[in-house]
Every structure is written in C-alpha cells, then in structure tokens.
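Colleague: The structure under discussion is supplied below as structure tokens; questions concerning it will follow.
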Amino acid sequence: MTDTEIKAIDEETEKRIDEMENDEYKFPDRFLKKDYEIAACTALFCLAMLLIGAFL
Amino acid sequence: MNNVNDQTEREAFFGTLPIMRKDRIYGFLDALLVLSGYCIATWSYTQGSYLATLVGFRQLLIGAFFGALLMLIIYQLPVILSVRYGIDIWIWLRTVFGGKGTVLVTVVIIIINYPWYAVCADLFASSMGNLCGLFGLELPEAAHTVLAILCVVLGTLIAYRGLGAITWTTRVLVPLLLILGAVVTVIGFVSVPFDVIWEFQPERPEGEPNIIPYIMSVEANFAFVITLVGGMAEVPRLCKTERSGYWAGVLGQGLAGSFFVVVGAVMAIATQYVTGEMTDDPTLMLAMFSVPALALSSLMLVAFANIGTQAVGSYIYGVMLKSSFRRADYRIMIVILGIYVTLLCIWGKIVEYFGSFLTVSACIYAPLAALLFTDFFIVRRQKFSLRSAFMLNGHTAYRFTGGFNIVGLICLAAGAAISLLIYDPVSTEIHCMPLFYLTPTGASFIGTAVLYFALSRIPAINRYLMKDRGELSV
C-alpha cells in the first residue's frame, strides 16, 4: 500500500470515529445486564456440572 | 469513485477500518454457522479419541460440553467490544501490549497457531487416501502431500474470494455436517451395545487416582477452545448486535465444536470394541460401521469440512495480520499464510511434532485471554481511546516504551510461567497439585488476571497504563 492509500485509510478511520462520537450514531444493540446474568448463570451451571463430573 | 468505495469496503471487511452499524452483514445464525464451520474439522475427532484415553464416557461428555462452555463464556466476553466498535481485538490489544508489542504477539500467535491448519490438511489427505483405499485404489506416498496441499489451496481460494464465498460455503456445509454428526452418533451407538459406550472406562494403571485424568481431560477441553482467542473477533465484529456476536462464538465452538468432539469419542470407543484398537480417523470408523453409500457421502463431507476450516482460518488470521501489517494487502497475507501451511505440509512431520506446538501455544493463549478480559472489564472499564488504538497522528496513549507495553508483556510471560510451573506437558509431571485442581490453563488465566489487575493498582504503573483517560470519546 502506498503512503497516499494509508493516508486515505487514516482519514476514513478518523471519519468513522467522528461518526461514532456523534450522539446521533446508534451503536449495535448492547449486551444488557440481563445478558451478563444469563452468561454468569450458564457459567455457574457449567462449573457445577464439572464438579459433579469429578465424582462420577 | 467506485474504486475509492471498493477500497474502503475492502479495508473494512478485510482490513482494520471500523465497521459501522449499517455495514454489518451477520445476524446470529450466519455468524453461528461460520464459526461452527471453523470449529468443526477432523481435529475434533482427534480431540475426542484423546479424551477417551483419559476418562469414561459420561465424564467425557461433561468435560467436552460444560468445560468448553465455561471457558468460552468467560474468555469470549471481550468480543462485545469488537461488535460495539466493529474492530478486531488486535486493535484493542495495543492498549495491553503497545503497537510494536502487538505486532510481536501477533506473529508469535500465527507461528504457533497456524500448524493447526497443516494438521487439518494432513487429516484431509489421510481421509481422501482412505477413501481411495476403500475403492481399491492405492495412492503413491507422494499423493498424501499433494492432497494436503490441495486442501490448503482450496481453503485459501475460498478465503481469497471473500466473505460471500465463506458464508455460502458454511451455510451449506455446516448443517450437512451437523446432520452427519447425528447420523454417526446413532451408527456408533447401534453398532455396538449401548452400554459399551455409556459405561466406557479407559484402562488405567491400578491405584491411579481418578481425579488426575479427569482434570487433564478438563484441561484438554479448556486448552482446545482457548486456541480461538487470537481469532475470536474477526467474525463477531461483522455482527449486528453484541448479543449475537458473543453467543455465536460461544455456541459455535461450545456446542457445535464439542458435539463433534463427542462424536469422535463415540467412534473411538466403538472401533476399540470391535477391533481392539482406538482410531481417530473418521473414514476408517465410517467404513467399518456404515452402509457404503452413506459412508461415501459422509466421508466426503468430513473431508471437505477441513477445507471450510482452512477457508475461515485463512480469513481470520489474514485480517489479524492486517491489523499489524497495515501496508500489506489482505490477499497477499492469506497467500503468505497458505505458503506457510504448504511448507509445513511438505515437511510432513507436523503431526509428529504437534505436541510441542500445542505445549507452547497453550501456555500463551490463557494469559493472552486473561489480559484482554482484565484490561477490558476491570482496568479500563470498557473505555479506551479509539484514535490512539488506531495510532492516528497526534494520538500516542498506547505508545508506551518504544512501542512496547512492558507491564502487559511481563504479565504474558508470567502467565505462561504459571502454567509451566504447575504442569509440565512434555514429561506430564504435576509440580503443584493444589493449583493443578484449577487446571494449568485455568490457573494461568486467573493468575495473569490477578497480576495485571494488582500491577494496575500501583500508582506509577497505573499512570503508565492509563495515559488514554484524557482522550476518551466513545
């Protein structure tokens, strides 16, 4: 890639970051507290199953 | 104008540009299929038969699914950052290792991870050789290498054609593979008495405690799934929601990948019962138990799964390399990766020395995953400077010491040392039984996370790490 192309990519990156900083920009739907809770419960269940597995 | 747009689009999907919400192409299902396609390869059977040498079938079932899911649920959480900003984790990792440090770690990860694909190609060649054997066609020895290279070439070509080809390949291949897995499991269970598999216990030296092989099997599952850490974000960053990106990664590997590990174990146990010898080659097992037409179609499918894996792997690691070597073209990167695998195939001893590659790589992945997790959630609390991460002019928060974040690199080395101090994978000697209960990968993950967090609380180190606080904007 040439210097000009790299510069163009940097400018495009800057432009996209500017867009993300704009209050109007909608980020992808967030991972909500509920999702973290589901992940945590699944992890605890897996851990419990692994512990049970040790006694089989 | 079109050229500029094409270039921009290429830089987004095959390079480093952040992918904006409107450009995202994957929902949960497509991402799940692509990542499942990546995880389902003949190496799953190898892992399954290895686990069957350690533990009984029920413990194997628990370890393969719950061990894999537990590790994935934790270490893949930083993927949500990649979905949020549409960037690869290797952009974020500049906060942990610095710009040049990230280049160093990227190259190390590629060198130690990419031999997986040579194994994949080797297994493809073996499967095709066995297939020919079933039809009475004996191939010359050199054909093995040629077939292995063919796998690399076809996988690289699919990756070369871009995301459309990858997506369609996995859309077709993965559902067929899942059906095949179910069929193979049924064949395995009906070919031998049910109890032979369900009650299976491997032969062990008398007096050996049961807990050690069980922990080793859990460790094998942890180590198996954590190998994806380097390439875990390239596909999720193309997802439309954080939830779909995260769960596609967790379930693609934790359910689809693990399912095929279990299928491999079923086959290994069934073949041992019939022949007295365990095999991890699906072609031999299917040929033994299945009707010819089903066997042939199944074998072709299993063999071609390796090409799908090669294709997704080329894309993932091509993009990963692009993060570090921005001047290079994505297509040149995947050709270089293809050449590296081809050379390993020509060398021909990758399977023989694969244990050494795994030993080294397993020591690196856990601390890498731990640093990412701790930095993202605890140290930086999900906030960082995008401009410094992209190393834009005038933004130097992640330049650290000559481009290297000494703290991150020390923690990476310490994490690898923790793993080796607990268990020597070469001599299989356990050095520290209390910590071995956590498994070497688990202990290394926890130890690295604690060390990095503790160091980040020291004021001088905190100032060194957190130079970005003045330029947080998103």
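The values are calculated or read from the model by the stated rules, or taken from the named source; none is laboratory data. None of these values were measured; they are calculated from a predicted model. Virtual Cβ from ideal backbone geometry, glycine too; neighbours counted across all protein chains shown. Note: areas computed on protein heavy atoms with side chains; ligands, DNA, RNA excluded. Shrake-Rupley method; radii C 1.70, N 1.55, O 1.52, S 1.80 Å.
Colleague: Within segment B:233-257, track down each residue that is within 9 Å of another protein chain (Cβ to nearest Cβ) and not in a helix (DSSP H, G or I).
Modeller: Result: B:239, B:240, B:241.
Colleague: Go through B:29, B:35, B:51, B:60 for me and flag whichever is over 30 Å from residue B:461 (Cα atoms), more than 8 Å from every other protein chain (Cβ to nearest Cβ), surrounded by fewer than 23 Cβ atoms within 10 Å (Cβ to Cβ) and of a type outside the set (Ser, Thr, Tyr).
Modeller: Numbers: B:35 fails: surrounded by fewer than 23 Cβ atoms within 10 Å (Cβ to Cβ); B:51 fails: surrounded by fewer than 23 Cβ atoms within 10 Å (Cβ to Cβ); B:60 fails: surrounded by fewer than 23 Cβ atoms within 10 Å (Cβ to Cβ).
One residue alone meets the criteria, B:29.
Colleague: Here's a check for you: in segment B:83-112, which residue that is surrounded by fewer than 23 Cβ atoms within 10 Å (Cβ to Cβ) and more than 21 Å from residue B:326 (Cβ to Cβ) is nearest to the other protein chains (Cβ to nearest Cβ)?
Modeller: Restricting to residues being surrounded by fewer than 23 Cβ atoms within 10 Å (Cβ to Cβ) and more than 21 Å from residue B:326 (Cβ to Cβ), the top hit is B:84.
Colleague: Out of segment B:462-474, which residues are in a helix (DSSP H, G or I), more than 14 Å from chain A (Cβ to nearest Cβ) and open to solvent by less than 40 Å² (accessible area, probe 1.4 Å)? Steps first, answer last, please.
Modeller: Quick first cut of segment B:462-474, residues in a helix (DSSP H, G or I) only: B:462-465, B:467-471.
So of that shortlist, the ones also more than 14 Å from chain A (Cβ to nearest Cβ) come out as B:462-465, B:467, B:469-470.
Selection gives B:465 alone.
Colleague: Tell me which residues, restricted to segment A:7-56, are within 20 Å of residue B:390 (Cα to Cα) and polar (S, T, N, Q).
Modeller: Matches in segment A:7-56: A:13, A:22.
Colleague: Further question on the same structure: In segment B:409-433, what residues are open to solvent by 60 Å² or more (accessible area, probe 1.4 Å) and in contact with a His (Cβ under 8 Å, 6 or more places away or on another chain)?
Modeller: B:421
Colleague: Oh, and also: Restricted to segment B:434-453, and to residues that are open to solvent by 50 Å² or more (accessible area, probe 1.4 Å) and in a helix (DSSP H, G or I), which residue is farthest from residue B:367 (Cα to Cα)? Write out each step before concluding.
Modeller: Taking segment B:434-453 as the starting set, the residues that turn out to be open to solvent by 50 Å² or more (accessible area, probe 1.4 Å) are B:434-435, B:437-438, B:446, B:450-451, B:453.
Going one step further and asking which of them are in a helix (DSSP H, G or I), we end up with B:434-435, B:446, B:450-451, B:453.
Numbers: B:434: 20, B:435: 16, B:446: 8, B:450: 11, B:451: 10, B:453: 13 Å.
Only one residue tops the list, namely B:434.
Colleague: Quick check, is residue B:230 in contact with a strand residue (DSSP E or B) (Cβ under 7 Å, 6 or more places away or on another chain) and assigned to a helix (DSSP H, G or I)? Talk me through it step by step, then tell me what you get.
Modeller: Details: in contact with a strand residue (DSSP E or B) (Cβ under 7 Å, 6 or more places away or on another chain): no; assigned to a helix (DSSP H, G or I): yes.
No, not satisfied.
Colleague: Being within 7 Å of chain B (Cβ to nearest Cβ), outside any loop (DSSP other than H, G, I, E, B) and among the aliphatic types (A, V, I, L, M) is the requirement here; does residue A:6 meet it?
Modeller: When the stated conditions are applied, residue A:6 passes them.
Colleague: Checking the structure you have, find out if any residue of segment B:399-415 is touching a residue at least 12 places away in the same chain (Cβ under 8 Å) and over 16 Å from residue B:97 (Cα atoms).
Modeller: For segment B:399-415, residues touching a residue at least 12 places away in the same chain (Cβ under 8 Å) and over 16 Å from residue B:97 (Cα atoms): absent.
Colleague: May I pose another question? Which ones in segment A:20-47 are more than 7 Å from chain B (Cβ to nearest Cβ) and surrounded by 12 or more Cβ atoms within 10 Å (Cβ to Cβ)? Walk me through it before giving the result.
Modeller: Taking segment A:20-47 as the starting set, the residues that turn out to be more than 7 Å from chain B (Cβ to nearest Cβ) are A:22-25, A:32-34, A:36-38, A:40-41, A:44-45.
Answer for segment A:20-47, where residues must be more than 7 Å from chain B (Cβ to nearest Cβ) and surrounded by 12 or more Cβ atoms within 10 Å (Cβ to Cβ): A:25, A:36, A:38, A:40, A:44, A:45.
Colleague: Another question, then. How many residues are assigned to a loop (DSSP other than H, G, I, E, B) and open to solvent by 30 Å² or more (accessible area, probe 1.4 Å) if we restrict to segment B:309-368?
Modeller: So in segment B:309-368, the residues assigned to a loop (DSSP other than H, G, I, E, B) come out as B:325-329, B:348-353.
Filter once more, so that each one left must be open to solvent by 30 Å² or more (accessible area, probe 1.4 Å): B:325-327, B:329, B:348-349, B:351-353.
Matching residues across segment B:309-368 total 9.
Colleague: When only residues in segment A:2-11 that are out of contact with any Asp or Glu (no Cβ under 7 Å at 6 or more places or on another chain) and surrounded by 14 or more Cβ atoms within 10 Å (Cβ to Cβ) count, which is farthest from residue B:16 (Cα to Cα)?
Modeller: Of all residues in segment A:2-11, those out of contact with any Asp or Glu (no Cβ under 7 Å at 6 or more places or on another chain) come to A:2-8, A:10-11.
When the remaining residues are screened for being surrounded by 14 or more Cβ atoms within 10 Å (Cβ to Cβ), the result is A:8, A:10.
Details: A:8: 13, A:10: 10 Å.
Per the stated criteria, the residue is A:8.
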